[in-house]
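Trainee: Quick one: the structure is below, and I'll ask about it shortly.
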Amino acid sequence: MAANSNGQKAEASAKKLRTRPLAASVILIGGLALLAFSMALSISIGAKDIGLSVVWDAIWHFNRDLTDHQIIRSLRMPRTIACMLTGAAFAVAGSVMQGMTRNPLADPGLLGINAGAGFMLAVCFAFIPHLLFGQLIWMSFAGAAGATALIYGLGSLSRGGLTPVRLALAGSAVSALLLAISEGIALKYRIGQSLDFWLFGGAAGVRWAQVDVIQWWIGGGLLAAFMLARYITLLSLGEETAAGIGVRVGLIKLIGAVIILILAGASVSVVGFVSFLGLMVPHITRYLVGVSYRWIVPCSAILGALLFVLADLGARMVRPGTETPVGALIAIIGVPFLLYLARREGREL
């Protein structure tokens with residue numbers, strides 16, 4: 001009887017889900033078009049501005065004898081593609097976290113997952129500097145998993161349970177600790193130059209070799225998240241409700257955790273420490289398309305990719321000729337957004 005009651009409640013709740021398929025379709029189609037234009041614009045703008053027509057020729061009619069074509073193919077295309085992939089990855093990781101945990105403050109950067117991945121990169125640069133990039137990604141995954149276990153362990157020790165704000169505080173504390181240790185390692189072993197790109201966040205040094213590796217990890221993680229979206233919607237209604245209609249809650253949460261670690265770990269290994277993107281984009285997407293994750297996940301991927309490409313473009317335009325950290329630009333928007341969410345939850349930080 002209890003199972004039937006839970007099942008009926010789940011079905012009733014599912015019917016009440018507010019979805020806006022028209023808005024989602026507009027975001028998917030219009031967002032893809034705007035993303036393509038933004039990527040072309042990002043490739044064309046830099047220390048030397050290159051016309052969009054030249055960008056088109058370099059992509060479809062590459063001539064290795066032309067310097068502009070070499071710049072586009074060797075430097076700017078891998079950077080822009082990396083921003084697109086990692087932006088989508090951070091946003092989808094955040095949406096999966098928020099849906100599974102029902103925690104509006106969930107974000108891979110805010111909860112310390114990114115810092116854990118970066119800490120392992122610092123260890124590798126200091127003690128095993130000859131690792132290939134494909135091997136570094138595995139270390140990044142291990143660091144992200146270790147930080148996640150530590151944060152949930154600390155958060156669950158607090159009296160009153162693991163509330164969203166307590167989890168965010170535990171994540172912030174662990175993040176600060178791992179960042180401090182990473183900086184200490186950098187000073188001790190003189191690897192600051194190698195870690196700068198990660199500590200401040202950015203894609204300036206990305207090359208094709210890195211893109212060739214992360215495209216499979218991030219692509220697989222995004223595909224798995226799309227396939228899991230229906231179950232995330234049910235989990236967002238409550239674990240008891242989801243279990244009442246036959247959802248294997250433990251298995252779904254385990255798969256979701258693996259997806260988050262893959263998306264966050266692969267992204268950090270390339271563009272470094274970027275917070276708040278995974279926090280903001282899912283909330284904006286949910287406001288636009290409703291609460292069904294079958295729309296939230298793909299739309300978050302598009303909007304996250306678009307935001308990161310534009311942020312990277314803005315980082316080059318703030319002070320032409322120099323690189324402003326992309327993570328800092330996103331944080332300028334993200335910190336007020338976090339404070340707004342914390343206040344809306346009615347709790348004190």
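Trainee: On full extension of the chain, what length is gained from residue 332 through residue 227, given 0.36 nm per residue of separation minus the C-alpha to C-alpha distance?
Mentor: 34.5 nm is the gain from fully extending residue 332 to residue 227.
Trainee: With Cβ to Cβ distances under 12 Å as the rule, what net charge do the other residues near residue 239 carry (K, R +1; D, E -1)? Mind showing how you got there, number by number?
Mentor: Values: positive: 102, 248, 253; negative: 240.
After counting each charged neighbour, the total is +2.
Trainee: Which peptide among 61-71, 19-29 comes first, and what is the full order, when sorted by highest mean count of other Cβ atoms within 10 Å?
Mentor: On the way: 61-71: 12.5, 19-29: 15.2.
Highest-to-lowest ranking by the protection proxy: 19-29, 61-71.
Trainee: Which far-off residues, 5 or more places away or on another chain, put their amide H under 5 Å from the one on residue 110, with H placed in the peptide plane?
Mentor: Close amide H contacts, sequence-distant or interchain: 276.
Trainee: Right, something else. Using a 1.4 Å probe, what is the accessible area per residue for the range 50-132, in Å²?
Mentor: Working: 3070 Å² over 83 residues.
About 37 Å² of surface per residue is accessible.
Trainee: Moving on to the next point. Which order do the peptides 272-285, 168-181 come out in when sorted by mean C-beta neighbours inside 10 angstrom, highest first?
Mentor: Working: 272-285: 25.7, 168-181: 19.4.
So the peptides 272-285, 168-181, ranked by packing, come out 272-285, 168-181.
Trainee: Let me see the P(r) profile for the chain: every Cα-Cα distance counted, bins of 10 Å, each bin given as a percent of all pairs.
Mentor: Histogramming the chain at 10 Å steps yields 6, 25, 33, 23, 10, 3, 0, 0 percent.
Trainee: Calculate for the chain the 222 nm mean residue ellipticity that helices alone would give, adding -39,500 (n - 2.57) per DSSP H run of length 4 or more and normalising by residue count, nearest 500 deg cm²/dmol. The partial results should precede the final answer.
Mentor: Values: 15 runs with 268 residues, N = 349.
Mean residue ellipticity, 222 nm, calculated: -26000 deg cm²/dmol.
Trainee: From the phi angles alone, apply the Karplus equation (6.51, -1.76, 1.60; θ = phi - 60°) to the range 115-132 and give each ³J(HN,Hα) in whole Hz, x where the residue is Gly or Pro.
Mentor: After applying 6.51 cos²θ - 1.76 cosθ + 1.60, I find 5, x, 5, x, 4, 5, 5, 4, 4, 5, 4, 7, 10, 9, x, 9, 5, 6 Hz.
Trainee: Additional query: Going 7 Å from the Cα of residue 173 in the Cα-to-Cβ direction, what parts of the range 129-155 have a backbone nitrogen less than 13 Å from that spot?
Mentor: Residues 150-155 fall inside that zone.
Trainee: Springs between alpha-carbon atoms under 10 Å, Gaussian network over the chain: tell me which of 136, 121, 154 tops the mean-square fluctuations.
Mentor: Among 136, 121, 154, the largest GNM mean-square fluctuation belongs to 154.
Trainee: While we're looking at this one, here's another question. In a GNM of the chain with a 10 Å cut-off on Cα contacts, which of 184, 290, 143 has the highest mean-square fluctuation?
Mentor: Judging by the Gaussian network model, the answer is 184.
Trainee: Against the empirical 2.2 N^0.38 Å scaling, what ratio does the C-alpha Rg of the range 201-349 come to? Mind showing how you got there, number by number?
Mentor: On the way: Rg = 17.2 Å, N = 149, 2.2 N^0.38 = 14.7 Å.
That ratio works out to 1.17.
Trainee: Go ahead and run the numbers for FRET between residue 216 and residue 240, Cβ-Cβ distance against an R0 of 35 Å, rounding to 0.05. Show your work: numbers first, answer last.
Mentor: Details: r = 37 Å, r/R0 = 1.05.
That gives a FRET efficiency of 0.40.
Trainee: Just add up the charged neighbours of residue 57: K/R +1, D/E -1, any other residue whose Cβ is under 13 Å from the Cβ of residue 57. Kindly include the intermediate steps, with their values, before the conclusion.
Mentor: Values: positive: 64, 73; negative: 65, 68.
Value of the local net charge: 0.
Trainee: Further question: Relative contact order (percent) for the range 218-349, with alpha-carbon contacts under 8 angstrom and 6 or more residues of separation?
Mentor: Relative contact order of the range 218-349: 26 percent.
Trainee: Still on this structure, please answer the following. Which whole-Hz couplings ³J(HN,Hα) result when phi for each residue of the range 88-101 is put into the Karplus expression 6.51 cos²θ - 1.76 cosθ + 1.60, θ = phi - 60°, listed in order with x for Gly and Pro?
Mentor: These are the phi-based 3J(HN,Hα) values: 5, 5, 4, 5, 5, 4, x, 5, 5, 4, 5, x, 6, 8 Hz.
Trainee: Along the Cα→Cβ direction, 7 angstrom out, place labels at residue 49 and residue 200. What is the inter-label distance in nm?
Mentor: 2.4 nm
Trainee: Between 0 and 90 degrees, rounded to the nearest ten: what's the tilt of helix 133-157 against the longest Cα principal axis of the chain?
Mentor: 30 degrees
Trainee: Over the Cα atoms of the range 85-148, what radius of gyration and what Dmax do you get, in Å?
Mentor: Calculated on Cα positions, Rg and Dmax stand at 13.1, 41 Å.
Trainee: Right, another one. Place a point 7 Å from Cα of residue 57 in the direction of its Cβ. Which residues in the range 66-80 have their backbone N less than 11 Å from it?
Mentor: 66-69
Trainee: Further question on the same structure: Quote the Stokes-Einstein diffusion coefficient, in whole µm² s⁻¹, for the range 19-172, based on the Kirkwood radius over alpha carbon pairs, a temperature of 10 °C and a viscosity of 1.306 mPa s.
Mentor: Details: Rh = 18.8 Å.
Diffusion coefficient, whole number: 84 µm²/s.
Trainee: Using θ = phi - 60° and the Karplus relation 6.51 cos²θ - 1.76 cosθ + 1.60, list the HN-Hα couplings for the range 60-76 in order, rounded to whole Hz, with x at every Gly or Pro.
Mentor: Taking θ as phi minus 60°, the curve returns 9, 9, 5, 10, 5, 7, 9, 4, 4, 5, 5, 4, 5, 6, 8, 10, 7 Hz for the range 60-76.
The values are calculated or read from the model by the stated rules, or taken from the named source; none is laboratory data. Everything numeric in this text was worked out from a predicted model, so none of it was measured. For neighbour counting, all protein chains shown are included, and Cβ atoms are generated from backbone atoms with ideal geometry for every residue, glycine included. These accessible areas exclude ligands, DNA and RNA; they are computed on the full protein's heavy atoms, side chains included. Shrake-Rupley method; radii C 1.70, N 1.55, O 1.52, S 1.80 Å.
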